1. Could you bin all the Cα-Cα distances of the protein assembly as shown into 10 Å bins starting at 0 and give me the percent of pairs in each, rounded to whole numbers?
2. Apply the Karplus parameterisation 6.51 cos²θ - 1.76 cosθ + 1.60, with θ equal to phi minus 60°, to every residue of the range B:256-270 and state each ³J(HN,Hα) to the nearest whole Hz, in sequence, with x for glycine and proline.
3. Can you tell me which of C:Leu121, C:Leu21, C:Leu136 moves the most in a GNM of chain C? Springs connect C-alpha atoms under 10 Å apart.
4. Under the rule of at least 5 residues apart or a separate chain, name every residue whose amide H is placed under 5 Å from the amide H of B:Gly228.
5. Based on the alpha-carbon set only, what is the convex hull volume of the range A:233-277 divided per residue, in Å³?
6. Working only with C-alpha atoms, what are the Rg and Dmax values of the range A:92-135, expressed in angstrom?
7. Sort C:108-114, A:177-183 by the packing proxy (mean of other Cβ within 10 Å over each peptide's residues), most packed first.
8. Return the percentage of antiparallel bridges among DSSP beta bridges fully within chain A, rounded to the nearest 5 %.
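Bear in mind these aren't lab numbers, they're just calculated from the coordinates by the rules spelled out. Just so it is clear, the structure is predicted and the values come from calculations on it, not from any experiment. For neighbour counting, all protein chains shown are included, and Cβ atoms are generated from backbone atoms with ideal geometry for every residue, glycine included.
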Amino acid sequence: MNGYNFAYLDEQTKRMIRRALLKAVAIPGYQVPFGGREMPMPYGWGTGGMQLTASILGADDVLKVIDQGADDTTNAVSIRAFFERVAGVETTTVTPAASVIQTRHRIPETPLEPGQILVFQVPIPEPLRFIEPSEQETRLMHALEEYGVMHVKLYEDIARHGHIATTYAYPVKVDGRYVMDPSPIPKFDNPKLDMSPALLLFGAGREKRLYAIPPHTRVESLDFEDHPFEIQRWEQRCALCASDKSFLDEVITDDAGGRMFVCSDTDYCLTRRGELS
Amino acid sequence: MYVAVKGGERAIANAHRLLADRRRGDREQAELEVDQIQGQLRLAVDRVMSEASLYDPELAALAIKQASGDMIEAVFLLRAYRTTLPRLAVSEPLDTGAMRIERRISATYKDIPGGQVLGPTYDYTHRLLDFLLLAEGETPPVESSEPPLAPCPQILELLDAEGLIERERDDGSEPADITRDPPDYPVDRAARLQMLARGDEGYLLALGYSTQRGYGRNHPFAGEIRLGQVEVEIFAEEWGEAVCVGEIALSECQMINQFGGSREAAPQFTRGYGLAFGHSERKTLAMALVDRALRAEELGEPIQGPAQQAEFVLAHADNVEASGFVSHLKLPHYVDFQSELELLRRLRREHEARRQGTGQEAGSPTSTTDERAAAPGDPA
Amino acid sequence: MPWPTLNDPVHDSQRLFRQLLTAMSEPGTLHTLEVPSPPGDDIGPALWGVLLTLCDLDTRVWLAPALDGPALQEALVFHTGCRLTADPAEADFALVTPGVLAEPIAFALGSDEYPDRSTTLLVALDTLEPAGEWYLTGPGIALQRQLGLGVAAAPLMARLAANRGSFPCGLDAILTCGARLAALPRSTRIEEVA
């Protein structure tokens with residue numbers, strides 16, 4: 001695009017982000033502060049993920065962008081069009097064909113492969129933020145590995161509801177050290193973080209933090225012996241592809257209580273339907 | 001039968017076309033020109049420049065036009081453009097004492113060297129709608145009678161000569177640059193003033209107001225408010241001296257606040273400071289109040305009001321950040337919502353089972369179709 | 001002979017960075033960098049490529065006396081704009097040979113609050129082989145990897161092995177030999193196998 005550098009960001013900004021990314025993979029789960037820049041899209045709409053993608057993307061990459069698991073949601077369409085415009089890269093909806101996948105709120109159902117990079121858009125990177133609003137305090141808690149309050153919070157849920165009431169952005173511990181927010185993915189996706197063959201990068205633009213999980217890294221979801229971590233399940237199968245292993249979106253079909261359940265991952269669902277037909 | 005919604009791309013393109021049409025409005029009317037906005041909506045232009053941290057009246061006017069007058073959208077447009085600009089040089093510190101004054105008032109002394117100069121102000125206008133403007137009546141030109149004002153000494157410097165007010169010192173350290181470095185709380189005053197200078201005017205106004213109503217009161221006097229033109233100088237290596245590269249309009253507010261002092265230091269007035277591009281007087285007053293409130297910890301005052309809590313005030317002052325994050329609630333959250341639905345239905349099912357004492361197993365991780373179908377319309 | 005720069009600064013540095021990112025996220029894997037060779041024997045193409053990719057006016061670089069010299073200084077400042085520092089504690093990057101680590105040089109290790117504020121070692125090695133005396137485990141490694149670095153690397157590896165005791169503070173290292181490169185972040189557990 002005329003007047004803008006390849007992938008929009010100037011080279012100095014990319015270098016700053018690249019240096020921060022190397023620190024992030026060296027200290028898995030630690031939130032590295034970085035000099036986040038304004039992007040031509042609103043904060044909260046994926047500017048952190050976009051800055052990371054812009055800093056790693058090359059001319060021979062194949063980019064996939066999903067939001068809620070789907071390639072065709074408006075924000076995914078908008079971000080994909082942005083990178084087509086400013087970087088001229090090839091884009092795809094096919095998970096295995098992508099070298100870089102930017103995502104909001106989901107990890108694809110199709111298992112990721114070595115060499116792939118998944119870039120998460122993160123709204124609030126601090127897993128302790130809703131327990132302790134002050135950045136100065138939470139920074140100290142991470143430094144001292146003081147994570148008791150997080151377990152207390154989860155346990156209060158159990159006392160009140162009989163269950164841990166966190167269903168997305170469910171906190172994890174990375175390589176036995178840092179408690180980390182995996183971004184608002186459903187806890188259904190948490191097991192995919194553990195020993196993932198792909199590199200996982202997380203970018204929070206407004207909060208100016210980035211973090212990473214290298215491939216093959218231990219990632220445990222916080223839980224209790226008497227209340228082990230569990231993921232969502234559905235009685236139904238996907239109404240379109242009949243999968244009983246994917247995360248299902250509920251779709252309201254009429255105003256008389258009619259509803260159906262379909263895969264949130266559109267590429268996975270379409271691929272299965274291609275195979276089935 | 002449900003059909004997956006496709007065509008997000010087309011929907012977005014259509015939305016952009018509609019937006020452009022609404023922005024243009026009735027084609028019977030002449031299109032608003034950027035120089036009209038720049039010339040006649042100058043206070044809007046100044047606010048956009050201040051909160052975007054970019055001094056460019058023409059582009060600020062363009063942003064206002066493009067944003068259909070949505071000020072936060074205009075700030076965002078200009079801010080996003082600013083990010084792409086190269087940094088060619090860093091100016092010398094601006095000398096507001098050498099300002100070419102257009103307006104200058106002090107609330108602390110009746111008469112001051114250089115005089116009280118009202119300048120263009122809405123202050124003493126009676127807020128009566130002027131129907132002449134509706135009838136497109138022309139405004140007569142101002143008769144320029146007096147010679148341009150001489151530079152006026154700053155009021156707080158006069159107090160300083162007597163030792164009555166704390167002295168601001170330049171310790172020579174490199175100030176933070178909030179446009180390049182993430183905030184590292186607690187931030188120093190240089191970073192704080194930068195964050196306040198680009199902070200949302202309405203937000204600062206409310207916080208400043210709250211200190212006047214007792215939530216962190218700091219006994220302010222408007223020591224001096226001045227606005228006018230200030231020269232921007234850049235040190236040229238090849239000439240070995242600073243050269244003027246132009247003038248910008250600035251508003252400055254120096255607030256005088258109640259004493260500090262200790263066993264060692266004699267009591268002195270303290271300061272709050274506000275600065276903004278263009279004619280942004282209200283912004284600088286609010287900024288000075290909040291700056292002073294945020295000095296509570298440094299001055300050993302109890303922290304009693306929201307305006308005194310630095311991390312809270314500063315982390316939420318940027319309207320581009322705030323607007324983005326609030327409006328991101330419009331983005332799809334199907335997946336998270338589905339996760340919550342699944343849990344809520346399970347909790348309600350278990351609650352019902354306990355209430356009826358039917359002995360249904362609590363903690364079953366699966367939902368049944370029947371209960372799912374019953375849940376939404378069920379008032380129980 | 002002049003020090004070469006990247007042919008296509010935008011795309012070459014992106015490609016080199018991706019190799020670095022893979023190296024750092026999969027410790028012990030070897031990567032060959034395509035970079036024009038700098039003059040002399042001290043600095044190989046991989047090391048020069050890393051400097052060109054990561055350094056700019058926001059970075060401070062410390063040069064070990066064994067590698068320091070006016071030609072390198074001039075080339076580094078000219079091509080990257082980086083600032084040279086004599087204080088290892090304020091260096092973002094330190095250009096070292098493995099023997100330099102025999103001295104207890106006070107590089108920045110970061111703090112418990114900001115472990116990222118640490119020095120990254122850029123090491124010029126004579127040997128860098130995918131098999132040998134060093135066994136690596138930890139994040140980025142499915143089971144185990146090996147590296148062969150030669151006897152000269154012992155002081156370096158002793159220093160990096162100490163990372164586990166100070167984690168999350170510590171030193172990350174980018175190891176280079178000619179055009180080859182591997183990385184050892186502070187998260188890697190290092191064991192010497194006789």
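1. For the protein assembly as shown, the binned pair fractions read 2, 11, 19, 21, 20, 15, 9, 3, 1, 0 percent.
2. 3J(HN,Hα) across the range B:256-270, in whole Hz: 10, 10, 4, 4, x, x, 8, 4, 7, 9, 5, x, 9, 5, 10.
3. C:Leu21
4. B:Glu102, B:Leu250
5. On the way: hull volume 3.2 nm³, N = 45.
Dividing the Cα hull volume of the range A:233-277 by its residue count gives 71 Å³.
6. 14.4, 42
7. Values: C:108-114: 16.9, A:177-183: 23.1.
Averaged packing, sorted descending, gives the order A:177-183, C:108-114.
8. On the way: 22 of 38 bridges.
Bridges in chain A that DSSP calls antiparallel: roughly 60 percent.
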